[in-house]
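Read the structure below first, then the notes.
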Amino acid sequence: MTNDKILTASHLYKSFPSRRGDVFALEDVSFGVRPGEFLCIVGPSGCGKTTLLRLLSGLLPPDRGEVRFNGEKLTAPRAEIGLVFQNANLMPWRSVWENVRLPLEISGRADAPDAAGAVRRALKLVGLTEFSHSHPHELSGGMQQRVVIARTLVHQPQVLLLDEPFGALDALTRENLNLELTNLWRELGATVVMVTHNIREAVFLADRVLVLSPRPGRLTAAIPVDISRPRNISLLYDGAFNDVAFRVRQAIRE
Ligand SMILES: Nc1ncnc2c1ncn2[C@@H]1O[C@H](COP(=O)(O)OP(=O)(O)O)[C@@H](O)[C@H]1O
Ligand SMILES: [Mg+2]
């Protein structure tokens, strides 16, 4: 494998035991992610998207195949790879600041001299500096989701893995957060791998869209999105954009 990839997945297989026999979630999935790339992965519900992100984060070992981060085989989670879980929750009794600081506490770094700076930086990146002392119930759903993302940014990951991060939000909030996410990505210079079942969202955000088949998830297409940046909301109503979205739709077998 060439070393111009920050993350590579090679021949990943994953199954789960169940009472009715093994459920094959992923089958022979291979791809590479370039440093700084914004990659989206789309596929129908239950096709193995969450499983794939958990493999890419090092949380879950594959049955066969391997994930490499900067050429090194991944065997456990690491601070350089941040994962935002599907349906991630904040701790309601903690302030925004305390929620974002949580990963530093868990990793024993909350008392390090740069800890407060890391929390401050993460909150600034998502535009919530003024809400440090608020509690989750005082924030809108979109703002809560920005706190969830800030919590992952506190370790300054090189790779950000996002699992349907805006799935529970209304369409307009989602559009705005997608725009903010592209700004954040540009500012951070990070690599993003985001899973979604929303085709238009994927095309709006990504440099490239990977399509997974229904379970067992296999890669059926890799579609480049050659649309210039910065992209804005009007793009969602543009002809070239819709052409790419339709290509992605056709690649999904449902
Ligand atoms: N921990 C688990 N134990 C048993 N089955 C699982 C587990 N995680 C996922 N699965 C199964 O693997 C398949 C893929 O799940 P998932 O990766 O969550 O799909 P998606 O995120 O695309 O909806 C599903 O059939 C799901 O029921
Ligand atoms: Mg999922």
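Brief remarks on what is shown
- Summarising the strand pairing of region 153-254, around 50 percent of its internal DSSP beta bridges are antiparallel.
- P(r), alpha carbons of region 153-254 - 5 Å bins starting at zero, rounded %: 2, 11, 23, 24, 22, 13, 5, 1
- Dimensionless Rg ratio for region 190-232, taking C-alpha atoms and the 2.2 N^0.38 Å reference: 1.23
- Working from the Cα coordinates of region 47-88, the gyration tensor eigenvalues give, after taking √(5λ), semi-axes of 17, 14, 7 Å in decreasing order.
- Whole-Å distance, taken between Cα centres, linking region 89-114 and region 186-245: 32 Å
- Taking amide H as placed 1.01 Å from N in the peptide plane, R64 has its amide H under 5 Å from the amide H of Y13, each at least 5 places away in sequence or on another chain.
- Helical mean residue ellipticity (222 nm; -39500 (n - 2.57) per DSSP H run of 4+; nearest 500) of the chain: -10000 deg cm²/dmol
- Amide H to amide H, with H built 1.01 Å from N, E37 comes under 5 Å of V192, counting only residues 5 or more places away or on other chains.
- Spherically averaged projected area of the convex hull of Cα atoms, the chain: 14.5 nm².
- Calculated from the alpha-carbon coordinates, region 138-182 shows an Rg and a Dmax of 10.7, 31 Å respectively.
- Taking the DSSP bridge list for the chain and keeping only pairs wholly inside it, about 50 percent are antiparallel.
- Overall form of region 68-206 per C-alpha gyration tensor (a/c, 1.5; a/b vs b/c): oblate
- Of the trypsin sites (Lys or Arg not before Pro) found in region 19-54, those that fall in a DSSP loop while having at most 15 other beta-carbon atoms within 10 Å are R19, R20.
Bear in mind these aren't lab numbers, they're just calculated from the coordinates by the rules spelled out. None of the values given here were measured: they were computed from a predicted structure. Backbone-built Cβ (ideal geometry, glycine too); neighbour counts: all protein chains shown.
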